[in-house]
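Please read the structure below before turning to the comments.
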Amino acid sequence: MSYVDDTGQPDGTVTGLTQTTACAEGGDSGGSFITSAGQAQGVLSGGSGSCKGRQGRTGGGNSYYTPINSILSAYALTLRTSP
């Protein structure tokens with residue numbers, strides 16, 4: 001995924017993200033990506049498309065998540081869960 005600055009100029013590229021077809025809009029960044037089994041997968045980093053309409057028709061898009069293990073490792077954190 002590539003980023004642009006406020007003037008539309010390239011601002012960098014991020015690799016290693018998980019791509020999903022989950023709907024995400026502005027303000028959703030930092031949200032969690034958790035499986036139906038309750039397993040943490042990552043944190044929302046950005047997206048493309050629109051949540052308006054049905055996927056593949058008038059809306060939909062892609063969401064990109066930073067994997068949880070790389071975040072935990074970068075900050076020397078341990079994820080603790082409760083039953």
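The values are calculated or read from the model by the stated rules, or taken from the named source; none is laboratory data. Computed from a predicted model, the values in this text were never measured in an experiment. Cβ: placed from backbone, ideal geometry, glycine included. Neighbour counts: every protein chain shown. To get the accessible areas, we keep the full protein, side chains included, count just its heavy atoms, and leave off ligands, DNA and RNA. Shrake-Rupley method; radii C 1.70, N 1.55, O 1.52, S 1.80 Å.
Quickly run through region 19-32 and pick out the residues that are open to solvent by 50 Å² or more (accessible area, probe 1.4 Å), part of a strand (DSSP E or B) and touching a strand residue (DSSP E or B) at 6+ places or on another chain (Cβ under 6 Å). Correct list: GLN19 only. Tell me whether region 60-72 contains one or more residues that are loosely packed, with under 10 Cβ neighbours inside 10 Å and either modelled with pLDDT under 85 or among the basic types (Lys, Arg) (or both). The answer is no, given that none of the residues of region 60-72 is loosely packed, with under 10 Cβ neighbours inside 10 Å and either modelled with pLDDT under 85 or among the basic types (Lys, Arg) (or both).
Of all residues being in a loop (DSSP other than H, G, I, E, B) and surrounded by 10 or more Cβ atoms within 10 Å (Cβ to Cβ) in region 1-18, which is modelled with the highest pLDDT? Just the residue, please. Filtering region 1-18 for residues that are in a loop (DSSP other than H, G, I, E, B) and surrounded by 10 or more Cβ atoms within 10 Å (Cβ to Cβ), the one modelled with the highest pLDDT comes out as LEU17.
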